[in-house]
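This report refers to the structure that appears directly beneath it.
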Amino acid sequence: MVTIVNCPQCGKQVPWQADQIWKPFCSERCKLIDLGEWASEGHKIPGPPVNTPLDDDDSDYH
């Protein structure tokens, strides 16, 4: 029995199997749309921001 999932971008049903190269997305297009949403901060993980030492002081890089 093949597991079917919904594409997170468009909702189309996608078989969860080895030959489905874009899973969980239905296509490269949906995968790239989702990636663009993360890059433009359209998708965010809830919670307070986490600062790293590089975020706090980049004076060593001037």
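Looking at segment 8-29, which of its residues are under 18 Å from His43 (Cβ atoms) and among the small types (Gly, Ala, Ser)?
Within segment 8-29, Gly11 is the sole residue that qualifies.
Can you list residue pairs whose Cβ atoms sit under 9 Å apart, with the first residue in segment 15-35 being without any contact (Cβ under 8 Å) to a residue 40 or more places away in the chain and part of a loop (DSSP other than H, G, I, E, B) and the second being loosely packed, with under 12 Cβ neighbours inside 10 Å and polar (S, T, N, Q)? Count only pairs 6 or more apart in sequence or on different chains.
Within 9 Å, the pairs are Gln17/Thr3; Lys23/Gln17; Cys26/Gln13.
Yes or no, residue by residue, for (1) hydrophobic (A, V, I, L, M, F, W, C); (2) more than 12 Å from the chain's Cα centre (by Cα); (3) at pLDDT below 85; (4) surrounded by 10 or more Cβ atoms within 10 Å (Cβ to Cβ):
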| residue | (1), (2), (3), (4) |
| --- | --- |
| Thr3 | no, yes, no, no |
| Gln9 | no, no, no, yes |
| Pro24 | no, no, no, yes |
| Asp55 | no, yes, yes, no |
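The values are calculated or read from the model by the stated rules, or taken from the named source; none is laboratory data. Note that this is a predicted model, so its numbers are computed, not measured. Counting neighbours? That spans all protein chains shown, and the Cβs are built from the backbone with ideal geometry, glycine included.
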